[in-house]
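The values are calculated or read from the model by the stated rules, or taken from the named source; none is laboratory data. Values in this document were obtained by computation on a predicted structure and should not be read as measured data. With ideal geometry, Cβ positions are generated from the backbone for all residues, glycine too; neighbour counts draw on all protein chains shown. Keep in mind that these areas ignore ligands, DNA and RNA; they rest on the heavy atoms of the full protein, side chains included. Shrake-Rupley method; radii C 1.70, N 1.55, O 1.52, S 1.80 Å.
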Amino acid sequence: MPMTETDVFEKVRETLVDALGLDDDEVTPEATLTGDLGAESIDFLDIVFRLEKTFDIKIPRGELFPDNILNNPEFVQDGKLTDTGLAQLKERMPHADFSDFEKDPDINKMAELFKVQTIVNYVVTKVA
Amino acid sequence: MRWFWIDRLVELEPGKRAVAIKNVSLAEEHLHDHWEQFPNHPPSLMIEGVAQTGGILVGQVSDFKEKVALAKITKAEFSDVALPGDQLTYEVALDSIAPEAAATSGIVRKNGDVIGQVDLMFSHLDQNMAGTEFPEENFIFTGSFFQRLVEPFLRGESNG
């Protein structure tokens, strides 16, 4: 039987509780990984490793958490993503909700795209 | 004092697991400060011992070319202390490895009994996500740490 989104969320929650040393109730769909849950860069790799094991999936580098966006001058100008940069990021992160971010694509707010729900959406596409 | 928190590497199954031992001795200075009335080998140094064992395990995968550094203590739980005369065994398994990092899980035994679990993450410094640059020279797998612990094992001289 295929996993439902609720099943995926529960396992993602367990993954984040273990990776980041959290309590269950801290992990809500809208919680941001860095802002709310205190994740640092090494934690993102820890999360990727754990998701691969938990769901028996392969997560190619940069697919869940895109890299090489911020260091490209074509994508970033004056601390904001350019239209090209935003389009590129959207294409690479179909699992993220851009509705708030695209109103003001300040790179300092990019971390807000990485929510618990973002991971759930991504995993759902992988286990479907 | 050299920063050696394992005495001998005793097993290295490439890409899978490594085992090292640490003998706790009353001759070690740190036991007299920790503490005078109750000398014991602190868990923080057991974590370092597991990290040194795991670092060798992770480093071997790239033939000791990558600079491997401890990046995260994911979990460290201990149920007992280690006293002078005890032998600690650190058994570390490689759970995941990628170009940027590796994850390990480790068991700490005291005279054969499990007294701790230590799960770690290691970063491959030259591939770190922040893009920070490090010197060309591999300052991790070099010098006396490598010469005393890894090379004798690789030559088959440390099984006695």
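Could you tell me whether residue B:64 is in contact (Cβ under 8 Å) with a residue 40 or more places away in the chain and touching a strand residue (DSSP E or B) at 6+ places or on another chain (Cβ under 8 Å)?
Values: in contact (Cβ under 8 Å) with a residue 40 or more places away in the chain: yes; touching a strand residue (DSSP E or B) at 6+ places or on another chain (Cβ under 8 Å): no.
It is false that residue B:64 is in contact (Cβ under 8 Å) with a residue 40 or more places away in the chain and touching a strand residue (DSSP E or B) at 6+ places or on another chain (Cβ under 8 Å).
Using the structure shown, decide if residue B:48 is buried (at least 16 other Cβ atoms within 10 Å of the Cβ), under 19 Å from residue B:122 (Cα atoms) and among the acidic types (Asp, Glu). So residue B:48 passes the test. Take the conditions (1) assigned to a loop (DSSP other than H, G, I, E, B); (2) open to solvent by less than 70 Å² (accessible area, probe 1.4 Å); (3) within 12 Å of another protein chain (Cβ to nearest Cβ); (4) modelled with pLDDT under 95; residue A:72 misses just one of them, which is (3).
Within region A:36-46, restricting attention to residues that are in contact with an Asp or Glu (Cβ under 8 Å, 6 or more places away or on another chain) and open to solvent by less than 60 Å² (accessible area, probe 1.4 Å), which residue is modelled with the lowest pLDDT?
Filtering region A:36-46 down to residues in contact with an Asp or Glu (Cβ under 8 Å, 6 or more places away or on another chain) leaves A:36-37, A:45.
Going one step further and asking which of them are open to solvent by less than 60 Å² (accessible area, probe 1.4 Å), we end up with A:37, A:45.
Details: A:37: 97, A:45: 93.
Applying the filter and picking the extreme gives A:45.
For region A:40-66, filtered to residues that are without any contact (Cβ under 8 Å) to a residue 24 or more places away in the chain and not in a helix (DSSP H, G or I), the residue that is farthest from the other protein chains (Cβ to nearest Cβ) is A:56. In the set (1) touching a helix residue (DSSP H, G or I) at 6+ places or on another chain (Cβ under 6 Å); (2) in a strand (DSSP E or B); (3) away from chain A (no Cβ under 14 Å), the condition left unmet by residue B:39 is number (2).
Listed by position, the strands (runs of 3 or more DSSP E) contained in region B:51-120 that have at least 3 residues being within 12 Å of another protein chain (Cβ to nearest Cβ) and either at positive phi or open to solvent by less than 10 Å² (accessible area, probe 1.4 Å) (or both) are B:101-110. Here is a list of conditions, (1) surrounded by 16 or more Cβ atoms within 10 Å (Cβ to Cβ); (2) over 15 Å from residue A:117 (Cα atoms); (3) touching a Leu at 6+ places or on another chain (Cβ under 7 Å); (4) within 14 Å of another protein chain (Cβ to nearest Cβ), and residue A:81 meets all of them except one; can you say which number that is? Going through (1) surrounded by 16 or more Cβ atoms within 10 Å (Cβ to Cβ); (2) over 15 Å from residue A:117 (Cα atoms); (3) touching a Leu at 6+ places or on another chain (Cβ under 7 Å); (4) within 14 Å of another protein chain (Cβ to nearest Cβ) one by one, residue A:81 breaks only (4).
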